[in-house]
Amino acid sequence: MERFNALGRGAQLMLIGAVLLLIDLFLPWQDFDIGGLADEFGVDATFSGWRGVGIILGLLVIVLLAWLIVRIASVDIPLPVSTAMTGALLGTLILIFAIIKLLTILGDEATLWAWIGVGLAVLIAVGAFMTVQEAGGVDTLKSEATSFGGSSPASPAAPTATAPAAPAAPAAPEAVESAAREAPDMAPEAPDAAPDAMPDEPSTERER
């Protein structure tokens, strides 16, 4: 019970609605009168919610229940989206497919359980909306969707930035050639000092 209370109000509504909707899907959503002797014995043909689009609806409800149970068990499963985004997606899809299911059987003797199922799907969607509000509102989902969509094209930009760095290597031979040209210009300065020193020696001998 403590782990259930640790969930937010939105997640609690989603869990309650998902459990009741899963049970409701096994109840007759359509009721047909066969006629003949079947009417005398009170036998009717019924179809549960697990028919047609209801199969997708039931699978989504099972996925939602599994996700909520994992949260209650405090099991860390890495997902590419946040908890609010996951709850919003599942709640919206369940509501959409519940409405589609009702519309497909609306003219085929839809029972009260079909309307109750749509009402439970609305309850799940309300819980998903509360979960989004607890996480920071719709703006949080918009920023997450923007960052998630803009992260994929960022990887191809890396090779283009590093490719032009290779032509910097040929700069070394140019430095060697410039050093070689400067060396001959400095070498002839040494013989100029020798003639200046030669006249000093005869002058000293004459004085003696």
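The values are calculated or read from the model by the stated rules, or taken from the named source; none is laboratory data. Quick caveat: nothing in here was measured; it's all calculated off a predicted structure. As a convention, Cβ positions derive from the backbone with ideal geometry for all residues, glycine included, and neighbour counts pool all protein chains shown.
Points to keep in mind about this one:
- Scanning region 126-136 for residues that are within 21 Å of the chain's Cα centre (by Cα) and within 21 Å of residue 96 (Cα to Cα) yields 128, 129, 130, 131, 132, 133.
- Each residue in region 107-118 was checked for being surrounded by 15 or more Cβ atoms within 10 Å (Cβ to Cβ) and in a helix (DSSP H, G or I), and 5 of them qualify.
- Among all positions in region 68-78, there is at least one residue which is modelled with pLDDT under 90 and of a type in the set (Asp, Glu).
- Test: residue in region 41-51 that is at pLDDT below 85, farther than 29 Å from residue 133 by Cα and of a type in the set (Phe, Trp, Tyr): yes
- Qualifying residues in region 9-28 (those that are modelled with pLDDT under 95 and of a type outside the set (A, V, I, L, M)) - the one nearest to the chain's Cα centre (by Cα): 10
- Residue match in region 67-76 (condition: without any contact (Cβ under 8 Å) to a residue 60 or more places away in the chain, of a type in the set (A, V, I, L, M, F, W, C) and more than 28 Å from residue 48 (Cβ to Cβ)): yes
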